[in-house]
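See below for the structure under consideration.
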Amino acid sequence: MVHKVANAAEHKTEKAVQRCINSACGGTYGLRERIYVCPRCGETLEIDCQLARPNDPSALRKYWASKATSKLPRDASGVWRYYDMLPFDEHAPFVTLFEGNTPLFHAPRSAEYCGLRDLRLKHQGYNPTGSFKDTGMASAMTQAVISGARTAVCASTGNTAASLAAYAGRAGLQAAVLLPRGQITAGKLAQSLDYGALVLEIDGNFDDCMRLVQEIGDDPSIYVANSINPFRIEGQKTVAFEMMEQCVWQVPDHVVVPGGNMGNSTALGKGFQELLHVGLIKRLPKLSVIQAEGAAPLARLFAKLDPKESADGEHLPEKLTPVENPQTLATAIKIGAPVSWKKALRAVLRSGGQIIAVSEQEIADAKAMIGRDSIGCEPASATTVAGIKKLAAAGHIDREEDVVAVLTGHALKDPDYMINYHRGTLSLDSSAKGGSAAAPARISGAFQNAPERVAATKAAILESLERRR
Ligand code: F0G
């Protein structure tokens with residue numbers, strides 16, 4: 001999938017290169033080459049920003065802090081104010097909807113639920129289209145414009161599609177999104193339609209959509225914006241920078257994220273690695289990834305790894321066994337063959353973190369707990385709190401340790417899930433059509449809060465209040 005090979009001179013003046021992650025191959029390519037995997041060996045690529053270590057890293061901290069109060073549109077974006085760490089030159093046609101700048105909440109009820117003294121939640125659902133995808137879409141669409149593409153495409157479980165629809169529209173590109181028919185929440189589908197994307201509903205699952213996108217990516221007019229594209233990862237890595245600023249540069253002991261196609265974990269790992277490289281932090285947080293049990297190919301692989309052999313993240317397994325028919329009500333992460341698994345695994349191993357799976361019941365209860373903290377999130381995001389509870393119980397996280405979880409999507413992305421949980425009607429069967437769950441599994445609403453039907457009288461209302469006090 002090579003469309004434009006930069007000439008040597010152009011390559012040299014660029015700020016960064018695209019590099020094959022397979023160190024035995026070592027292929028490097030110019031930024032203008034529209035490739036998504038290494039043309040030589042087929043492995044995934046990453047951007048090497050060739051960052052220099054400043055003499056005084058604290059000056060960079062101050063510089064970023066000053067940009068946070070700047071009124072320039074580029075600085076008002078939580079992605080573009082870290083421009084110095086990104087592979088774009090100053091004349092790039094920056095695409096922005098003012099992404100980033102998301103809150104870091106203390107979550108006392110969720111902390112207690114997990115058996116921790118404290119827990120903080122970095123909520124990427126506060127982005128313009130309600131998910132963490134927007135940071136990466138800002139950089140990917142900027143690169144799409146630079147590369148001269150006409151159409152931006154992605155496979156999606158819904159959030160990437162909504163984000164691509166918005167950002168491609170903003171960049172003046174045609175947007176086309178491939179969605180597994182009947183398996184997308186109404187909110188996410190509605191967003192893609194509203195932002196004007198061409199919505200292609202595919203008879204198949206996310207992994208089928210992903211395969212098709214990689215096939216059509218050969219067309220020179222098309223730009224693939226899934227996280228296999230290393231420019232997506234560049235925008236998404238800035239969440240690590242923003243998080244560290246919010247943590248006043250005290251590195252958390254653990255950072256925990258959900259895992260689907262593994263772009264987010266790859267990006268956070270890269271962000272922290274780069275902060276370490278330039279001397280802005282002195283150690284990495286342990287990065288842990290949580291999958292849903294019915295869609296957990298990487299957690300399965302991780303459980304079989306020999307920790308001694310794989311500790312450095314350099315000796316990675318060659319193959320991941322995909323989950324053929326992934327199942328979970330957390331539809332955002334209903335993925336059986338994640339494309340960025342190797343990069344994510346490498347990041348987790350280098351940091352000393354874990355990759356585990358949690359059940360549908362654990363996800364549902366953790367999600368309700370995040371709701372009780374007045375924060376809320378979509379189901380996939382709640383894998384984090386469910387996973388932290390499990391990691392704490394297993395002794396991987398200590399009660400006193402500093403833990404940050406990344407919530408990836410806004411609660412209103414999937415209201416049906418919430419209503420079903422609180423009414424006590426949530427089951428694997430109640431998910432969108434298109435899956436092939438063998439047996440409908442009922443999920444109990446352990447923290448159920450069903451609506452009450454009340455007579456239209458003052459007395460009846462007061463009686464209801466009294467009962468629930
Ligand atoms: N959480 C949410 C809300 C998501 O939408 C996704 C992925 C993930 C977590 C997992 O992140 O793929 O980077 O490991 N959603 C993609 C999509 C697949 O198409 O919207 P990941």
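The values are calculated or read from the model by the stated rules, or taken from the named source; none is laboratory data. Quick caveat: nothing in here was measured; it's all calculated off a predicted structure. Positions of Cβ are backbone-derived with ideal geometry, glycine not excepted, and every protein chain shown enters the neighbour counts. These area figures cover heavy atoms from the full protein model, side chains too; ligands, DNA and RNA do not enter into them. Shrake-Rupley method; radii C 1.70, N 1.55, O 1.52, S 1.80 Å.
Cβ-Cβ contacts under 8 Å between residues 6 or more apart (or on different chains), taken from a first residue in the stretch 300-311 that is under 23 Å from Ala337 (Cβ atoms) and at pLDDT 95 or above to a second residue that is polar (S, T, N, Q) and surrounded by 10 or more Cβ atoms within 10 Å (Cβ to Cβ), are listed as Arg300/Thr321; Leu301/Thr321; Phe302/Gln354.
Just name the residue that is modelled with the lowest pLDDT out of those in the stretch 404-432 that are away from the ligand (no atom under 14 Å from the Cβ) and in contact with a helix residue (DSSP H, G or I) (Cβ under 6 Å, 6 or more places away or on another chain). Step by step, filter the stretch 404-432, then rank; the result is Ser430. Among the residues of the stretch 237-273, those that are acidic (Asp, Glu) and open to solvent by 20 Å² or more (accessible area, probe 1.4 Å) comprise Glu245, Asp253. Every condition in (1) under 21 Å from Pro326 (Cα atoms); (2) modelled with pLDDT of 95 or more; (3) small (Gly, Ala, Ser); (4) open to solvent by 20 Å² or more (accessible area, probe 1.4 Å) is met by Ala394 except one, and the failing one is (1). Determine whether the stretch 181-195 contains at least one residue that is open to solvent by less than 10 Å² (accessible area, probe 1.4 Å), at negative phi, in a loop (DSSP other than H, G, I, E, B) and within 16 Å of the ligand (Cβ to nearest atom). No.
The condition of being out of contact with any Ser or Thr (no Cβ under 7 Å at 6 or more places or on another chain), touching a residue at least 12 places away in the same chain (Cβ under 8 Å), open to solvent by less than 20 Å² (accessible area, probe 1.4 Å) and in a loop (DSSP other than H, G, I, E, B) holds for only one of Ile35, Ile47, that being Ile35. Exactly one residue among Phe98, Phe88 is closer than 22 Å to Ala267 by Cβ, touching a residue at least 12 places away in the same chain (Cβ under 8 Å) and open to solvent by 10 Å² or more (accessible area, probe 1.4 Å), and that residue is Phe98. The single residue among Val348, Val385, Val339 that is within 14 Å of the ligand (Cβ to nearest atom) and open to solvent by 20 Å² or more (accessible area, probe 1.4 Å) turns out to be Val339. Candidates are the residues of the stretch 249-275 that are farther than 19 Å from Pro297 by Cα and in a strand (DSSP E or B); the one that is nearest to the ligand (Cβ to nearest atom) is Val255. Report yes if some residue within the stretch 279-290 is in contact (Cβ under 8 Å) with a residue 40 or more places away in the chain, of a type in the set (D, E, K, R) and either in contact with a strand residue (DSSP E or B) (Cβ under 6 Å, 6 or more places away or on another chain) or more than 16 Å from the ligand (Cβ to nearest atom) (or both); otherwise report no. Checked against the condition, which is being in contact (Cβ under 8 Å) with a residue 40 or more places away in the chain, of a type in the set (D, E, K, R) and either in contact with a strand residue (DSSP E or B) (Cβ under 6 Å, 6 or more places away or on another chain) or more than 16 Å from the ligand (Cβ to nearest atom) (or both), the stretch 279-290 yields at least one hit. Residues of the stretch 1-59 that are aliphatic (A, V, I, L, M) and at pLDDT 90 or above: Ala16, Val17, Ile21, Ala24, Leu31, Ile35, Val37, Leu45, Ile47, Leu51, Ala52, Ala59. Of the residues contained in the stretch 213-236, none is found to be more than 10 Å from the ligand (Cβ to nearest atom), farther than 29 Å from Pro39 by Cβ, open to solvent by less than 30 Å² (accessible area, probe 1.4 Å) and outside any strand (DSSP E or B).
Residues checked against (1) open to solvent by less than 30 Å² (accessible area, probe 1.4 Å); (2) in a helix (DSSP H, G or I):
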{"residue": "Lys308", "(1), (2)": "no, yes"}
{"residue": "Asp312", "(1), (2)": "no, no"}
{"residue": "Val323", "(1), (2)": "yes, no"}
{"residue": "Pro326", "(1), (2)": "yes, no"}
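Taking the stretch 207-238 as the range and being more than 18 Å from Ala152 (Cβ to Cβ), in contact with a strand residue (DSSP E or B) (Cβ under 7 Å, 6 or more places away or on another chain) and in contact (Cβ under 8 Å) with a residue 60 or more places away in the chain as the test, no residue passes.
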